[in-house]
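Mind looking over this structure? Questions follow.
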Amino acid sequence: MEIKITKTTNPKQKPADQSKLSFGKYYTDHMFIMNYDEGQGWHDPRIVPYAPFEIDPASMVLHYAQELFEGLKAYRTDDGSIQLFRPEKNMARMNVSCERLCIPKIDEEFAIEAIKTLVKVDEDWVPSLPETSLYIRPYIFANDVHIGVHPAKHLIFAIILSPVGAYYPNGIEPVKIFVEQKYVRAVIGGTGFTKAGANYAISLKGQEEAEAQGYIQTLWLDGIERKYIEEVGSMNVFFKIDGEIVTPSLEGSILSGITRMSIIELLKARGYKVSERRISIDELSEAYRNGKLEEAWGTGTAAVISPIGELKYGDLVMPVNNGEIGEVSQMLYDTLTGIQWGKLKDEFGWTVKIDK
Ligand SMILES: Cc1ncc(COP(=O)(O)O)c(C=O)c1O
């Protein structure tokens, strides 16, 4: 399929100060759109000026939330070129979400081509200040004009771009995380392993509570026993306990993070022992009490490596590594960002260049 490109005649003013981009505040001049109609499949891929959608008030997505998304980034390297980080993993995961949400799958290679073409069209929007990048948000939503619960027959696949700085206001500074005990985010058999927008709607209440208590995000426990650690609001989570690096195993209720996957590969390549296993909040609290909780950090495309400086579980407040950045977290941050921004050799073959 050929991507038809219509360029804007009215380009926007780009943010003047790249140090104040923050996250998700600005959007570029163009967007990608493709339609799905039953009988026709995915069709009419096009890049058009960024503009609001016109959708019917009865559009199914507004009522039943049949929607999913992805998130990845384009990075500006020192020689001015632009690269993506493992886009094939995001597109493969997008299809995993499609399958669970009864959304027709996309052609993964074509979707990567669409991302590359869009980034190329808006290449002047890729910031160059250290730690800034262009966040890429592909998403698909149901657009049948029908108030009835059934899998959509008409959908829209879109990609928008946003130049971003650090996800958390204080960059790599350790964050404070609240362990949620009242609400749950996902159960095995549900949609926790997908990037369904609905998962995030469900998580807002916990997030609100965490913020009210001065914490930046929620650490979710499993929805059945309320015992096993799952993930943070927008990050997977790792702990270093008595020398062992532990991350919750993928049991079907948490997102299989691309950063998580990369960090596991990186740690193993550096000779660390990494266990993907179930870890309970009691085990973690016990390790803290015994002085064995050495480090904790979150991983995610937006948050990169985010050291955790404090965890609160009920009345138990657990400072981690004196609220400072740990040795392993720092090494992971330096290596991952070094590869992403092209400052270090990409020994794993993770980056994908966008043609000049
Ligand atoms: C719930 C959740 N978990 C984990 C992650 C990390 O995934 P990734 O490393 O692919 O960005 C995200 C990222 O957006 C997320 O929303």
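Can you list the lysines whose alpha carbon sits under 29 Å from that of LYS268, skipping same-chain ones fewer than 8 residues off?
Within the straight-line cut-off, LYS268 pairs with LYS73, LYS89, LYS176, LYS195, LYS227, LYS240, LYS292, LYS343, LYS345, LYS353.
Under a 1.4 Å probe, what is the accessible area of the chain per residue, stated in Å²?
44
Between the DSSP loop rule and a limit of at most 16 other Cβ atoms within 10 Å, which trypsin sites (Lys or Arg not before Pro) in region 129-231 are left?
Those satisfying the criteria are LYS153, LYS182, ARG226, LYS227.
How many nm is it between the label spots at GLN213 and ASP17, if each spot is 7 Å from the Cα in line with the beta carbon?
With each label point 7 Å from Cα toward Cβ, the separation is 3.5 nm.
Let me ask another. Report the residues of region 44-78 in range of a label on VAL145: point 7 Å along Cα→C-beta, backbone N strictly under 17 Å from it.
Under 17 Å, as judged by backbone N against the label point of VAL145, lie 53-63 of region 44-78.
Would you calculate a helix-derived [θ] at 222 nm for the chain, using -39,500 (n - 2.57) for each DSSP H run of n ≥ 4 and dividing by the full residue count, to the nearest 500?
It comes out at -7000 deg cm²/dmol, rounded to the nearest 500.
Continuing with the same structure: Can you tell me how much longer the chain between MET331 and LEU316 gets when fully stretched, taken as 0.36 nm per residue apart minus their C-alpha distance, in nm with one decimal?
Net length gain for the segment: 2.5 nm.
While we're on this one: Treating cross-link reach as a plain straight distance, find the aspartates and glutamates whose alpha-carbon is under 13 Å from the alpha-carbon of LYS14, omitting any fewer than eight places away in the same chain.
ASP29, ASP122, GLU123, ASP124
Once the piece of chain linking PHE348 and ARG289 is laid out straight, how much longer is it, given 0.36 nm per residue of separation minus the C-alpha distance between them?
Between PHE348 and ARG289, full extension yields an extra 17.5 nm.
Give the Rg/Rh ratio for region 151-232, taking Rg as the radius of gyration of the Cα atoms and Rh as the Kirkwood radius, to two decimals.
Rounded to two decimals, Rg over Rh is 1.04.
Dipole of the chain, Cα-centred, from +1 at each Lys and Arg C-beta and -1 at each Asp and Glu C-beta, to the nearest 20 debye?
Its charge dipole is roughly 260 debye.
What base-10 log of the normalised intensity I(q)/I(0) is obtained for region 21-128 from the Debye formula, alpha carbons as equal point scatterers, at q = 0.12, 0.17, 0.22 Å⁻¹?
Those come out to -0.51, -1.01, -1.51, one per q.
Hey, with R₀ at 35 Å, roughly what FRET efficiency would ILE224 and THR6 work out to, going by the Cβ-Cβ distance, to 0.05?
Result of the calculation: an efficiency of 0.10.
Keeping the other protein chains in place, figure out the carbon and sulfur percent of the accessible area of region 175-340, with a 1.4 Å probe.
Roughly 48 percent of what the probe reaches on region 175-340 is carbon or sulfur.
How far is helix 327-340 tilted, in degrees, relative to the longest principal axis of the Cα atoms in the chain, given as a value from 0 to 90 rounded to the nearest 10?
So the helix axis and the longest Cα principal axis differ by about 20 degrees.
Separate question: As a test of the definition: which semi-axes, in Å, follow for the chain when you take the square root of five times each eigenvalue of its alpha carbon gyration tensor? Largest first, please.
Its equivalent ellipsoid spans semi-axes of 34, 25, 18 Å.
Pairs of Cα atoms under 8 Å, at least six residues apart: use those to get the relative contact order of the chain, whole percent.
Relative CO of the chain lands at 18 percent.
Another question about this same structure. If you take the charge dipole of the chain about its Cα centre, with +1 on Lys and Arg Cβ and -1 on Asp and Glu Cβ, which of LEU62, LEU311, TYR36 is farthest toward its positive end?
My answer, from the dipole projection, is TYR36.
If you take the charge dipole of the chain about its Cα centre, with +1 on Lys and Arg Cβ and -1 on Asp and Glu Cβ, which of ILE263, LEU161, PRO11 is farthest toward its positive end?
PRO11
Another one. Expressed as a whole percentage, what fraction of the accessible surface of region 4-164 belongs to carbon and sulfur atoms when a 1.4 Å probe is rolled over the protein heavy atoms?
Here it works out to 51 percent.
Taking θ = phi - 60°, what integer Hz values does the Karplus form 6.51 cos²θ - 1.76 cosθ + 1.60 yield along region 200-206, in sequence order, with x for Gly and Pro?
7, 4, 5, 7, 4, 4, x
Give me the net charge for the shell around GLY298: Cβ to Cβ below 14 angstrom, other residues only, Lys and Arg +1, Asp and Glu -1.
-2
The values are calculated or read from the model by the stated rules, or taken from the named source; none is laboratory data. Every value quoted in this text rests on a predicted model; they were computed, and no experiment measured them. Don't worry about glycine lacking a Cβ; one is built from the backbone with ideal geometry, like all the others, and counts go over all protein chains shown. Keep in mind that these areas ignore ligands, DNA and RNA; they rest on the heavy atoms of the full protein, side chains included. Shrake-Rupley method; radii C 1.70, N 1.55, O 1.52, S 1.80 Å.
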